[in-house]
Amino acid sequence: MELKELPFLTNFGLMLTYKCTIACPHCIVKAGPHRTEEMRVEDAREWLTQIRDYTAEKGIKAGISLTGGEPFYNRELLREVADDAAKKGFLVSVVSNAYWAATREMALETVKSLESVGFFSISTDQYHQEFIPLSFIRNAVYACKKLGKEYDIAVAAVSEEDPAHLALIDDLLEFTEKEKIETALIAPVGRAETAIPPGTLEFSPEPCKASCSMASFPIIFPDGKVIACIGPPIVIPGRHPLHLGNLKQHPLRDLLQQAEKNSILHAIRVFGPSSLVELLRDKGYGHLLPPSFQTDSICDICHKLFSSGEICAALEEVAADDLFTKKVAYGRYYYLREPEMMEMLDLVE
């Protein structure tokens, strides 16, 4: 079992807005021009201060990812938060659909105006392109290269073998390198639950067996909610194992200290969410499980498990077992070189 080392809490997401210039049919959070929810700059600054204090105490060099919606929808908010994050010593990145890159000149002007942002994650796929031509992406990449900004291109697809996806990759490779392209599978969540045609996605009776790196990076929402990853669990109402709490009710330090001991969260990071399916089956809760899981998608597993109150209750019960907790703690130490959980459980010799 080989895992890429992606240390816990080395990146935090701030979802600045649910507003977006477009309304893609596969959007998890149903962002669009009609949405009104935005993060208050005062809240963002306070939460960045709490992140800085906690990570500095732990000796973590953290990054801040500004996302949405479309963060450029409110450029003043984006610039203020990016500047504040940079002043506090964070590496700052932004996620955008590049609607601002109609020409090379516009792209250069926009990228240059955000000196505090060092990394641009540019979203495109067959759904984005209904609204934003590929030429905009080309211009955004040109501007990043010209101004020395790091970047990647985030692509969503129903399958990595989908002909439309493969054609897009060929087009992208005309102006960028393969290692700059990151593909994520579309999950049947949010608008995609009804907008993606039935039969488009593939399903299997067995869950995908892979660990999850994204569960290392919490994201904070405008209302103060903190979720342990940016995947489909962000839209599940109420509490679930990846819901870490709310910053308008508790300080970040308290939420992250609890997260360090969250055996379900760290089982996902170390062994993958399929390990939770196996655990439920072994403990006699197999009858609660869904009949199928999206092929090659770890996000679908978490969404299906945590959308069920019964399954969440069963997981809370079985995850309280000392043997499971110790297995996760040792897994964190062995595979990820993270001793924190072992230290909290007094397992260090």
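The values are calculated or read from the model by the stated rules, or taken from the named source; none is laboratory data. The structure presented is a predicted model; accordingly, all values stated were derived computationally and were not measured. Ideal geometry is used to build each Cβ from the backbone, glycine not excepted, and the neighbour counts take in all protein chains shown. Please note that ligands, DNA and RNA were not included when accessible areas were found on the heavy atoms of the full protein model with its side chains. Shrake-Rupley method; radii C 1.70, N 1.55, O 1.52, S 1.80 Å.
Details
- Here the range 1-137 exposes an accessible surface that is 49 percent carbon and sulfur, computed with a 1.4 Å probe and the other protein chains kept in place.
- Dividing the C-alpha radius of gyration of the range 62-147 by 2.2 N^0.38 Å, with N its residue count, gives 1.04.
- Here's how it looks for Cys27: its modeled amide H is under 5 Å from those of Arg191, Ala192, which are all 5 or more places away or on a different chain.
- Under-5 Å amide H pairs with Ser211, H placed in peptide plane, nonlocal only: none
- The radius of gyration of the Cα set in the range 108-150, together with its Dmax, comes out at 11.0, 31 angstrom.
- Compactness ratio for the range 39-196: Cα radius of gyration over 2.2 N^0.38 Å (N = residue count) comes to 1.11.
- Once the gyration tensor of the Cα atoms in the range 241-288 is diagonalised, the equivalent ellipsoid follows with semi-axes of 27, 12, 7 Å, ordered largest first.
- Cα-based equivalent ellipsoid of the range 223-264: semi-axis lengths in Å, sorted from largest, via gyration tensor: 16, 13, 8
- The range 33-103 - Rg over Rh from alpha carbon coordinates, Kirkwood radius: 1.02
- The fraction of Cα-Cα pairs per 10 angstrom bin, counted from 0 for the range 146-277, comes to 10, 31, 33, 22, 5 percent, rounded to whole percents.
- In the context of the full set of protein chains, the chain has a per residue accessible area of 46 Å² (1.4 Å probe).
- Kirkwood Rh, angstrom, the range 212-349 [1 / mean 1/r, Cα pairs]: 15.4
- Hull volume per residue, based on the alpha-carbon atoms of the chain and their convex hull, is 137 Å³.
- Across all Cα atoms of the range 119-221, the radius of gyration (one decimal) and Dmax (whole number) stand at 15.3, 48 Å.
- ³J(HN,Hα), Karplus 6.51/-1.76/1.60, whole Hz, each residue of the range 224-231, x for Gly, Pro: x, 4, 10, 10, 6, 8, 9, x
- Put simply, when 235-246, 278-289 are sorted by average Cβ atoms within 10 angstrom per residue, most first, you get 235-246, 278-289.
- Reported to the nearest whole Å, the Cα centre-to-centre distance from the range 198-243 to the range 69-138 is 24.
- Annotation: amide H of Thr183 within the under-5 Å range of Val155, sequence separation 5 or more or interchain, hydrogens built in the peptide plane.
- Per-residue [θ]222 nm for the chain (sum of -39500 (n - 2.57) over DSSP H runs n ≥ 4, rounded to 500): -11500 deg cm²/dmol
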